[in-house]
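See below for the structure under consideration.
The values are calculated or read from the model by the stated rules, or taken from the named source; none is laboratory data. Fair warning: this is a prediction, and the values are worked out from it, not measured in the lab. We place every Cβ from the backbone using ideal geometry, glycine too, and count neighbours over all the protein chains shown.
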Amino acid sequence: MRKLISILALGVAALGFSAGVLAQDAAASAPAAASAVAEAASAVAAAAAPAEAAAAPAAAAPVPNKGDTAFMMIATALVILMTIPGLALFYGGLVRAKNMLSVLMQVFTIFALISVLWVVYGYSVAFTAGTPFFGGLSKLFLSGVTPDSIAATFSKGVYIPELVFVAFQGTFAAITVALIVGAFAERMKFSAVLLFAVLWFTFSYLPVAHMVWYWDGPDAITDEATLATVTANAGALWAKGALDFAGGTVVHINAAVAGLVGAYMIGKRIGYGREALTPHSLTLTMVGASLLWVGWFGFNAGSNLEANGVAALAFINTIVATAAAVLAWSAGEALMKGKASMLGAASGAVAGLVAVTPAAGFVGVGGALVIGVISGFVCLWGVNGLKKMLGADDSLDVFGIHGVGGIVGALLTGVFSAPALGGLGACDYIKNTCGVHPGIGAQVWIQAQGVIYTVILSAVVAFIAFKIVDIVIGLRVSEDAEREGLDITSHGETAYHN
């Protein structure tokens, strides 16, 4: 037993000695092991660094919000609704029955024509970098625009699919050109309308859209140097600080001036001033005006490009200004003529919609209310007193409503966008805050410059385009065709069968 205990004691001692030796060896080798591990980790990190650097941009790429995307697709569909059938029925009801289909056909076909031209070259010219007055050709046929392409909004880090932006802006181009036909309705050749549409769209609509709306987006602005670069690359009127939320200059003034030039150059309708050229269906005109009002929510709220509080402001402003204009026009008409008419109410609605368009997301609700009241009264004068002064047969009062209303709205945007009057002003993307306003007088002058640019460019382009069309095709149908009606003579069909 003692022998066994002695053997065990010797074994324990040996193990203790061995453990001590191993501990000393481990302590001695620890620095070397740690150094080896550190070197290995450094090597792994060095090898991984390029891969991480390469992966970083892809991981940081912004992803469009599904809510904003859905909102913009609905807004785009609403603008299509306000064109076909809204504008088509509004105009169609205002002409005589024998010309009903001709107006529907012109609006419908222009929408199709401009939609095609928009993706071929229009979007590229309007919304790519070029000069301050004209974009480039880098996106012809939407080259490089894929389902993964993104377009900037008005907030840093917020984007929508570029294809949605392309579609939305394309509807603006189409309705702008379609608006013009109301000025020379009932007397222009169908082929001449289409050729004019191509020329005017290319050389008037696209430059004005580029001048007013093109810029590189908020994320391109981080300091004074980048702001200067963005301003240099932007459209001429954007660089000046012109405010046009949804198209007071780009759409309404632009189209109205072209229509007025056309009314002068094509001449008055047979019997104008001697015969009653009354609307054949105010019912359809009211339906069209109602569709315009509904579709205009896409026009104005959608122009914010995001589903947020500013879009909500543009939405309610579109209700308030339009309602105020209906009441103002009706009241003015009752004072002038003793009765308020359905045609007047519908016209007042369109006047309010037009006037609030440039202001929708820049002014408070109170400002929208005042804009609506003023536009109702002023546009009533535009289709009565001003129309007589101008002496043109603007068949459906395109200039009296869209031109006068657009000018009123553009100028009053400079007033009511001031934060002191409840407006939002512009945004400072260096500080990432909004409420910037140079003062009412200064902003109104900037707005006036936008109006002047648009009036001159549209008038000159329209005059030249009408001249070219007259030489190539001829502008006006024959006297016999005009008397019989364009439905039969231009399209071989009639709107109604007795």
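At a glance:
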quantity	calculated
Qualifying residue in region 112-135 (condition: more than 19 Å from the chain's Cα centre (by Cα) and closer than 29 Å to Lys240 by Cβ)	yes
Selection status of Leu412, closer than 21 Å to Val370 by Cα and out of contact with any Ser or Thr (no Cβ under 9 Å at 6 or more places or on another chain)	no
Verdict on Leu353 being in contact with a Leu (Cβ under 7 Å, 6 or more places away or on another chain), surrounded by 24 or more Cβ atoms within 10 Å (Cβ to Cβ) and touching a residue at least 60 places away in the same chain (Cβ under 8 Å)	yes
Residue within region 256-267 that is at pLDDT 95 or above, under 29 Å from Arg187 (Cβ atoms) and part of a loop (DSSP other than H, G, I, E, B) present	yes
Asp480 being acidic (Asp, Glu), farther than 27 Å from Gln106 by Cβ and without any contact (Cβ under 8 Å) to a residue 24 or more places away in the chain	no
Flag for Thr131 being touching a residue at least 60 places away in the same chain (Cβ under 8 Å) and either under 22 Å from Trp213 (Cβ atoms) or part of a helix (DSSP H, G or I) (or both)	no
Flag for Leu277 being under 29 Å from Val107 (Cα atoms), crowded, with 23+ Cβ neighbours inside 10 Å, in contact with an Asp or Glu (Cβ under 9 Å, 6 or more places away or on another chain) and aliphatic (A, V, I, L, M)	no
Within region 392-449, tally of residues that are in contact (Cβ under 8 Å) with a residue 60 or more places away in the chain and either farther than 30 Å from Thr278 by Cβ or not in a helix (DSSP H, G or I) (or both)	23
Filter pass, Phe133 being in contact with a helix residue (DSSP H, G or I) (Cβ under 6 Å, 6 or more places away or on another chain), closer than 30 Å to Pro279 by Cβ and hydrophobic (A, V, I, L, M, F, W, C)	no
In region 483-497, residue farthest from Val107 (Cα to Cα) [restricted to those that are in a helix (DSSP H, G or I) and not basic (Lys, Arg)]	Glu484
Residue list for region 201-249, restricted to those being farther than 21 Å from His437 by Cβ, surrounded by fewer than 20 Cβ atoms within 10 Å (Cβ to Cβ) and of a type in the set (S, T, N, Q)	Thr202, Thr222, Thr226, Thr229, Asn233
From the options Gly122, Gly67, Gly136, residue that is crowded, with 24+ Cβ neighbours inside 10 Å and either modelled with pLDDT of 95 or more or among the polar types (S, T, N, Q) (or both)	Gly122
Exclusive hit being out of contact with any Ser or Thr (no Cβ under 8 Å at 6 or more places or on another chain), small (Gly, Ala, Ser) and within 21 Å of Ala151 (Cα to Cα), set Ala234, Ala220	Ala234
Within region 232-243, tally of residues that are over 23 Å from Ala465 (Cβ atoms) and either of a type in the set (Lys, Arg) or touching a residue at least 12 places away in the same chain (Cβ under 8 Å) (or both)	8
Odd one out for Phe90, checked against (1) over 30 Å from Trp238 (Cβ atoms); (2) surrounded by fewer than 22 Cβ atoms within 10 Å (Cβ to Cβ)	(2)
Those residues of region 460-493 which are buried (at least 16 other Cβ atoms within 10 Å of the Cβ) and hydrophobic (A, V, I, L, M, F, W, C), in sequence order	Val461, Ala462, Ala465, Phe466, Val469, Leu475, Val477, Leu486
Qualifying residue in region 368-389 (condition: within 19 Å of Ala263 (Cβ to Cβ), touching a residue at least 60 places away in the same chain (Cβ under 8 Å) and surrounded by 24 or more Cβ atoms within 10 Å (Cβ to Cβ))	no
